[in-house]
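K.L.:
Handing you a structure now.
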Amino acid sequence: MVIRPSQHWFFRLLDWHGSVLSKITFRLSLNIFISIIAVLCYQWYEQLGVHLTIAPFSLLGIAIAIFLGFRNNASYSRLVEARTLWGTLLIQQRNILRNIKVILPNDNNYQKEICQLAIAFSWSLKHQLRKTNPMVDLYRLLPTTILKDVINSPFPTNRILLHLGFKIGELRDKNIISDVIFQSMNKELNLLSDVLGGCERISNTPIPFAYTLILQRTVYLFCTLLPFALVSDLHYMTPFVSVFISYTFLAWDALAEELEDPFGISANDLPLNAICNTIERNALEMMDIHPLPMPLKPNKYFNLL
Amino acid sequence: MVIRPSQHWFFRLLDWHGSVLSKITFRLSLNIFISIIAVLCYQWYEQLGVHLTIAPFSLLGIAIAIFLGFRNNASYSRLVEARTLWGTLLIQQRNILRNIKVILPNDNNYQKEICQLAIAFSWSLKHQLRKTNPMVDLYRLLPTTILKDVINSPFPTNRILLHLGFKIGELRDKNIISDVIFQSMNKELNLLSDVLGGCERISNTPIPFAYTLILQRTVYLFCTLLPFALVSDLHYMTPFVSVFISYTFLAWDALAEELEDPFGISANDLPLNAICNTIERNALEMMDIHPLPMPLKPNKYFNLL
Amino acid sequence: MVIRPSQHWFFRLLDWHGSVLSKITFRLSLNIFISIIAVLCYQWYEQLGVHLTIAPFSLLGIAIAIFLGFRNNASYSRLVEARTLWGTLLIQQRNILRNIKVILPNDNNYQKEICQLAIAFSWSLKHQLRKTNPMVDLYRLLPTTILKDVINSPFPTNRILLHLGFKIGELRDKNIISDVIFQSMNKELNLLSDVLGGCERISNTPIPFAYTLILQRTVYLFCTLLPFALVSDLHYMTPFVSVFISYTFLAWDALAEELEDPFGISANDLPLNAICNTIERNALEMMDIHPLPMPLKPNKYFNLL
Amino acid sequence: MVIRPSQHWFFRLLDWHGSVLSKITFRLSLNIFISIIAVLCYQWYEQLGVHLTIAPFSLLGIAIAIFLGFRNNASYSRLVEARTLWGTLLIQQRNILRNIKVILPNDNNYQKEICQLAIAFSWSLKHQLRKTNPMVDLYRLLPTTILKDVINSPFPTNRILLHLGFKIGELRDKNIISDVIFQSMNKELNLLSDVLGGCERISNTPIPFAYTLILQRTVYLFCTLLPFALVSDLHYMTPFVSVFISYTFLAWDALAEELEDPFGISANDLPLNAICNTIERNALEMMDIHPLPMPLKPNKYFNLL
Amino acid sequence: MVIRPSQHWFFRLLDWHGSVLSKITFRLSLNIFISIIAVLCYQWYEQLGVHLTIAPFSLLGIAIAIFLGFRNNASYSRLVEARTLWGTLLIQQRNILRNIKVILPNDNNYQKEICQLAIAFSWSLKHQLRKTNPMVDLYRLLPTTILKDVINSPFPTNRILLHLGFKIGELRDKNIISDVIFQSMNKELNLLSDVLGGCERISNTPIPFAYTLILQRTVYLFCTLLPFALVSDLHYMTPFVSVFISYTFLAWDALAEELEDPFGISANDLPLNAICNTIERNALEMMDIHPLPMPLKPNKYFNLL
């Protein structure tokens, strides 16, 4: 996720890492190369009686734009849903901790245990979605007995949730909380479970591969043929206009592909590290445990990871 | 659902089974054939004073692209909704089992019974949606008395849910759980019922047949006439450009039709077997019943079923 | 709702009753007639210095296609919402009956009464939405005292719901169920009330009439003028291309109008009879009341009503 | 909201009050006038070497159509949301009254008081949204003490809700209902509060004014310049085609503006009087208070207000 | 948010501050300047054999319009979601206060404390979203002990919510309210927490920067090249038509960017001050604390902030 100081619009247009320019450089260069060929060969292939006019490409280009619009919509919805799920995670953590603090205002020990399980849940979810090793974070946050059980499980995040459930079950067994309070807390754990399941769903179910394939085939072929259709009108201007049109189509295609997996670490993905850090800071602050960890800073490309 | 190792983009463009290419081969061949006819007959039908120009086809093609966009949207929404329902199924199974484990931490027998009913529910739903025989899976999972009742029912999945209800009702009758806990568990069963009813709705209610029919008629006719409109400009290039435009339209149409029934077994449908396997692994793991079944592997076309 | 055996795609294209072809025959014939006039008069009106070129029609046609896309979206959303409401009805009936069976496993009488009220609710809703006489179905299902009260009410479906409420209130008055169980059952009745109110809303509130009017005026006029714009390029081909373009636009317009009232009995509307039948079969089966009524079969046009 | 007997499609096309024709007459006349000027001046301004061709207008027209589609979507969503809120109001009134009747079947006095407060809530909301004086309706429905408190408040509808809360609070104070029942009734009042707040939000927050402004500027200018672009091809036909294209664009723009405030009294707005009347009839019928007020009839333009 | 007296449509078209005209003046002037250059150089660069025709720009313009439509949709959804969250805030405040008044009708002190915490919550949220100093408002509303704790926290709005939780917890500790009432009040606080988390999410997560960048690059380049493509047809009319088309595209782009952060203080953003003022007036009125603060008036540009 790119968080940059608001620059003058002119400098923004020159930005390299923020947009997908770095990814499509090769294809744009290829396009310029083909355009030059088209200009050079123009005289020759016109004598063959072949006229590639812009008309069929106009029809095709608009159809492709409509389909690209559809695919971007689908990719962007996934990003929005993923972001909303992580937003819900922060909200639920706050609600659970507020509830604990209000009901057991004096049991600092218990508060701290719940707080650390909740924080561990978010870091573990992050590691699960990015397929990285959660060991460092879990070791930092979990007591040994729980840690051992969690890291031996094939589904560690869900296991942490189970332990959160046991903690609340203990209170009920000891008659510290009534069934009414127990089931209201249990509901809040269910909402964490929704976040976990929702993120797993987005992560495991890409947009049907055929959409990507059909669009990329047509976009690439369209950009390849375009110079030959433009050359009869534009002559020397062909490479310039052709690369401009190609940029529009290739960039939208590349961006849709990048957004499709919102849990990655490219420039336009969700800054899961920063969100986990925010959740941890919020949780500790609510429990009055100081000092808080520092908020994460964007890297030199203005990206948060 | 296609889960493939991330290949180089160049090889992806040659993919045969991932996209719908195999389905539309016949129609694309037909299109090339008609294009060749158009090229051969061009001289002759121009003398008749008939000019099929690209202009009306441009208008029509864009209109069809807009309508195809609409239909793809509708089909894709069904896929997303179906996937979300199966995601909810996994989430609810976890919630029910966590709740049981927290409330009855020592009653292993009871835990196991609920766990097997829950797993049977997902397999039975899969078989119902794909109209296959659930016998093998139910036999493996259900105790004899329940099995008999379930397979004699015309609505076996709903019957399993009823037995889940009876199990929870027993706890209430024996005063092991209070009414508050009972109704919170009952609500979780209601959410399973939502999944069941939602999947049945998607499965039994296709997108209105007229949408499919109107679009296919216009797309097929459009692709058939297109070569005659292109030939006056493109001459020998007609087959190539015509098959390219036809591919774009036919592939989107074919994909929308494929996605319409998300519970099928074609390459872009939901991998219900893999999801059921995941649900079973999760459920058994939560109950500490080992060894877990192996996770499913994609087949040689990188497809999960 | 058209449920047809999967035919070969070629025969599907010739389908007459499934699509809206039968509705727009007159207008398509008119279009052919005007096209022929355009061809015949072409020489004459060209001498007047009037050139109706395709360009302004291209602009207009695309604009109309965009607006048709919008209207189809709105109509289709209504269909989807209506179908979801009826899906919820089935789900809620199951939940209510499961709840009753679990809580009062031995009171067969009471179970049967609730079951029949629930079934009567769906049939009554169907008759209300289609403005048909519910008497036959209500007489079959309701005990005399309730029947009398229901048919004398101007809002019979809501009255049945009130009686469902009384039934549950009785249990509470007799201390058979606690307030916790009562209010959870009452919530399930509220969900039936949502279905009732939602269906009434869709049925009583059409898409603003001006949308229909503006679109139909522009579509009809567009199709009427189109032949005159095509004739200068297409000559003898005018009727053919003109009727093809007109079919695309008229069929989408006609389908949007048909879907606008999803509770009607045309080919693409919801099969309310079949859904009510399914609800009845499910309810009776859950109560173990046999034999079940037969499932409905599609008519000779493959339509369920 | 236009509720008209289904006419023959031919007569519908001539409808004056149903569509927005009456609103855009002036602008359409202006367009014809400009078209005539364009036809008359054509010879003269062609000698100046200025060719306004249709091509840039085609591009602009399609862009405007896309943006109009977006704005209509936004306006229509507001209408749908507003209608859904009023549908929820009816549903909630029924639920509250059913709940009261089931729990206090014999306390007719109390039932009547709640019923009248509920009815007063809907009328008061209607008057608030249309900025009319609620006095007549409130005087008819509320007891003097409450009436006085309500009309002295700057937020009368919310005040009625507060009194509904007090009524339910009384039952709890007198131990007629338990906390469980109280909070379930309180939740139903919260849903009324959602309707109130939702309607206020729609009413107080128009679509950003800039959307309206940008679109109207471009649409008006587009329609003004269009005749000059059409005249070189169409000559004497210019006024006719120009007014046709302008009608399409102006009517969609005017309709979007009309729908933006769904609580107004123009032909395509929500019939709040009729809905309030329906709510009152439903509420009285549930309480068995007869005779019911008459249902509202559409006026001579087939409009319900 | 622009709230203006409904003017005559003619004067509205001249509006300067309501639309984004003031923001894009520079770019429109640049466009006129380039158009004039295009007109002046036309003879010269035509001799070079370069024809920039409108056809490729038509294709590109429509593609850009489709993508602009997508981006506006995304921006507008954020505005709608943000507005809905603030609407929910008002609704929840009313619900919490009504609940308190109904349950503790005689404890004026307690009512007032809750009321002031609730009001402080909204002002604090406003200051957090606009990154302004909340001190003045918090000082006015909070008692000293809470004030100190809140302003020392890095998350003051969430801290206020925690104190609302403590207040309700006190009632439970003192056995004034049962667990059932406590958890229903706690749920209402959770809904405030949803609003807080939702607003933070919108504020911290812009639309992926690449969308803005890709669109602005293509829109600016498109508008820069357009005059050269128009000049061969339009000659002296080029600046006029070019600036018109550019206005359409630049204004939509600028508006989408403005709406992206709905919590800002530009003309089309949410009037958070006015909403907070409304919330405060509602809360005080419900607690019968008079006189109410005055409602906010729009400034001289008809804007509410």
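K.L.:
Just to verify a number: what accessible area does residue B:127 come out at with the full protein assembly present, 1.4 Å probe, Å² rounded to tens?
P.N.:
For residue B:127, solvent-accessible area is about 20 Å².
K.L.:
Okay, next question. Using +1 at the Cβ of each Lys and Arg and -1 at the Cβ of each Asp and Glu in the protein assembly as shown, identify which of D:118, B:89, A:64 lies farthest towards the dipole's positive end.
P.N.:
D:118
K.L.:
Before I look further, what does chain C give for accessible area per residue, probe 1.4 Å, in whole square angstrom?
P.N.:
Heavy-atom SASA per residue in chain C reads 36 Å².
K.L.:
Could you tell me how many degrees, from 0 to 90 and to the nearest 10, lie between the Cα long axis of helix D:21-46 and the main elongation axis, the longest principal axis, of the Cα atoms of chain D?
P.N.:
10 degrees
K.L.:
Taking H as built 1.01 Å from N, whose amide H comes closer than 5 Å to the amide H of residue D:177, not counting residues under 5 places away?
P.N.:
Correct list: D:172.
K.L.:
Rounded to a whole number, what % of the accessible area of the stretch A:206-303 do carbon and sulfur atoms account for, probe 1.4 Å?
P.N.:
So the carbon and sulfur contribution to the accessible surface is 67 percent.
K.L.:
Mind giving me the nanometre distance, one decimal, between the label points for residue C:297 and residue E:152, set 7 Å out from Cα along Cα→Cβ?
P.N.:
Output for this residue pair reads 8.1 nm.
K.L.:
Over all alpha-carbon pairs in the stretch D:153-244, figure out the percentage whose distance exceeds 22 Å.
P.N.:
When every Cα pair of the stretch D:153-244 is considered, 61 percent fall beyond 22 Å.
K.L.:
Follow-up question, since we're still on this one. Can you check how the C-alpha radius of gyration of chain D compares to 2.2 N^0.38 Å, as a plain ratio?
P.N.:
Rounded to two decimals, the normalised Rg is 1.37.
K.L.:
Which angle between 0 and 90 degrees, to the nearest 10, do you get for helix E:156-173 versus the longest principal axis of chain E when only C-alpha atoms count?
P.N.:
Around 30 degrees separate the two axes.
K.L.:
Accessible area lost on pairing D with C, both sides, 1.4 Å probe, Å² to nearest 100?
P.N.:
Chains D and C together bury approximately 6200 Å².
K.L.:
Compute the long axis of helix E:238-260 from its Cα atoms, compare it with the longest principal axis of the Cα atoms of chain E, and write down the angle in degrees, 0 to 90, nearest 10.
P.N.:
20 degrees
K.L.:
Could you derive backbone 3J(HN,Hα) for the stretch B:264-269 from the dihedral phi with the Karplus parameters 6.51, -1.76 and 1.60 (θ = phi - 60°), listing whole Hz in sequence and x where the residue is Gly or Pro?
P.N.:
With coefficients 6.51, -1.76 and 1.60, one gets x, 10, 7, 4, 9, 8 Hz.
K.L.:
Show me the three semi-axes of the equivalent ellipsoid for the protein assembly as shown, from the C-alpha gyration tensor (sqrt of 5 times each eigenvalue), largest first, rounded to whole Å.
P.N.:
For the protein assembly as shown, the semi-axes come out at 54, 36, 36 Å.
K.L.:
Taking K and R as +1 and D and E as -1, what net charge do the other residues with C-beta under 10 Å from the C-beta of residue E:250 add up to?
P.N.:
Local net charge: +1.
K.L.:
Calculated FRET efficiency, residue C:44 and residue E:45, Cβ-Cβ r, R0 45 Å, to nearest 0.05?
P.N.:
For R0 = 45 Å, the calculated efficiency reads 0.55.
K.L.:
Over the stretch A:113-230, what relative contact order in percent results from Cα pairs under 8 Å that are six or more residues apart?
P.N.:
Across the stretch A:113-230, relative contact order equals 22 percent.
K.L.:
Expressed as a rounded percentage, what relative contact order does the stretch A:216-281 have, with Cα pairs under 8 Å and six or more residues apart?
P.N.:
It comes to 20 percent, rounded to a whole number.
K.L.:
Net charge around residue D:28, counting only other residues with Cβ within less than 15 Å of its Cβ (Lys, Arg = +1; Asp, Glu = -1)?
P.N.:
+2
K.L.:
Can you give the local net charge around residue D:187? Use residues other than it whose beta-carbon is closer than 11 angstrom to its beta-carbon, Lys and Arg +1, Asp and Glu -1.
P.N.:
Every neighbour counted, the sum reads -1.
K.L.:
What lysines could a cross-link reach from residue D:174, if we take a straight Cα to Cα line under 17 Å and drop same-chain neighbours fewer than 8 places away?
P.N.:
Here the lysines satisfying the reach criterion relative to residue D:174 are E:101.
K.L.:
Using the C-alpha atoms of the stretch D:78-136, what convex hull volume per residue, in cubic angstrom, is computed?
P.N.:
Once divided by residue count, the hull of the stretch D:78-136 is 63 Å³.
K.L.:
Distances from residue B:40 to the same position in the other copies: list them in nm, one decimal, shortest first, using label points 7 Å from Cα along Cα→Cβ.
P.N.:
Copy-to-copy label distances at residue B:40, shortest first: 3.7, 3.7, 6.0, 6.0 nm.
K.L.:
P(r) tail for the stretch C:25-83, what percent of Cα pairs lie past 18 Å?
P.N.:
63 percent
K.L.:
Ok, one more. As an exercise, use a Förster radius of 30 Å and the Cβ-Cβ distance of residue A:176 and residue A:144 to find the FRET efficiency, rounded to the nearest 0.05.
P.N.:
0.75
K.L.:
Before anything else, pin down the relative contact order of chain C: Cα pairs under 8 Å, at least 6 apart, normalised by residue count, whole percent.
P.N.:
Averaging sequence separation for qualifying contacts and normalising by length gives 37 percent for chain C.
K.L.:
Distance from a point 7 Å along Cα→Cβ of residue D:187 to each backbone N in the stretch B:169-190: keep the residues under 15 Å and list them by number.
P.N.:
B:180-190
K.L.:
Also, I was wondering about something else. With r defined as the distance between the Cβ atoms of residue C:25 and residue B:224 and R0 fixed at 30 Å, what FRET efficiency is calculated, to the nearest 0.05?
P.N.:
0.85
K.L.:
If eta is 1.567 mPa s and T is 4 °C, what Stokes-Einstein diffusion coefficient results for the stretch D:143-201, Kirkwood Rh from Cα pairs, in µm²/s?
P.N.:
Diffusion coefficient, whole number: 104 µm²/s.
K.L.:
Suppose you put the label 7 Å out from Cα in the Cβ direction; list, shortest first and in nm with one decimal, how far residue D:175 is from each other copy's label.
P.N.:
For residue D:175, the other copies' label points sit at 1.5, 1.5, 2.4, 2.4 nm, shortest first.
K.L.:
Separate question: Taking accessible area as the heavy-atom solvent-accessible surface of the protein chains with a 1.4 Å probe, which residues of the stretch A:231-250 lose no less than 20 Å² upon going from the isolated chain to the full protein assembly?
P.N.:
SASA drop of 20 Å² or more in the stretch A:231-250: A:233, A:234, A:235, A:236, A:237, A:240, A:241, A:244, A:245, A:247, A:248, A:249.
K.L.:
Normalise the Debye intensity by I(0) for the stretch B:107-195, one equal point scatterer per Cα, no solvent, then take log10 at q = 0.10, 0.13, 0.24 Å⁻¹ and round to two decimals.
P.N.:
Ignoring solvent entirely, the Cα scatterers give -0.25, -0.42, -1.24.
K.L.:
Another one. Considering only D:132, D:240, D:165, whose Cα is most displaced toward the positive end of the charge dipole of chain D, charges sitting on Cβ of Lys, Arg (+1) and Asp, Glu (-1)?
P.N.:
Value computed over the given set: D:165.
K.L.:
Continuing with the same structure: Go through the stretch E:98-106 residue by residue and turn each phi into a ³J(HN,Hα) via Karplus (6.51, -1.76, 1.60, θ = phi - 60°); whole Hz please, and just put x for glycine and proline.
P.N.:
With coefficients 6.51, -1.76 and 1.60, one gets 4, 4, 4, 5, 6, 7, 10, x, 10 Hz.
K.L.:
Could you calculate, for the stretch D:118-275, the ratio of the Cα radius of gyration to the Kirkwood radius, expressed as Rg to Rh?
P.N.:
We get a ratio of 1.26 for the stretch D:118-275.
K.L.:
Return the calculated 222 nm mean residue ellipticity for chain A, to the nearest 500 deg cm²/dmol, obtained by summing -39500 (n - 2.57) across DSSP H runs with n ≥ 4 and dividing by the residue count.
P.N.:
Roughly -25500 deg cm²/dmol at 222 nm, from the helical runs in chain A.
K.L.:
Placing +1 on the Cβ of each Lys and Arg and -1 on the Cβ of each Asp and Glu in chain C, which of C:279, C:193, C:73 has its Cα farthest towards the positive end of the resulting dipole?
P.N.:
C:279
K.L.:
Quick one: dipole size for the protein assembly as shown, taken about the Cα centre, charges +1 on Lys/Arg Cβ and -1 on Asp/Glu Cβ, in debye to the nearest 20.
P.N.:
1580 debye
K.L.:
Would the stretch A:37-184 count as rounded, prolate or oblate if I go by the C-alpha gyration tensor, calling it rounded below 1.5 in a/c and otherwise prolate when a/b exceeds b/c, oblate otherwise?
P.N.:
It is prolate, given that a/c is not under 1.5 and a/b is the larger ratio.
K.L.:
Longest span of chain D, sites excluded, free of trypsin sites (Lys or Arg not before Pro) in DSSP loop with at most 11 other C-beta atoms within 10 Å?
P.N.:
In chain D, the maximal stretch lacking such sites is D:1-130.
K.L.:
Quick one: putting +1 on the C-beta of Lys and Arg, -1 on the C-beta of Asp and Glu, what dipole do you get for the stretch D:56-169 around its Cα centre, in Debye to the nearest 20?
P.N.:
120 debye
K.L.:
Name the long-range amide H neighbours of residue A:264: under 5 Å, sequence gap of 5 or more, or other chain; modelled H, no Pro or chain starts.
P.N.:
A:270
K.L.:
Which distances, shortest first and in nm, link residue B:236 to the matching position in the other copies, using label points set 7 Å out along Cα to C-beta?
P.N.:
3.0, 3.0, 4.9, 4.9
The values are calculated or read from the model by the stated rules, or taken from the named source; none is laboratory data. All figures in this text were calculated on a predicted structure; none of them were measured in a lab. Please note: Cβ atoms are built from the backbone with ideal geometry, for glycine as well, and neighbour counts cover all protein chains shown. Quick note on the areas: whole protein, heavy atoms, side chains included, nothing else; ligands and nucleic acids left out. Shrake-Rupley method; radii C 1.70, N 1.55, O 1.52, S 1.80 Å.
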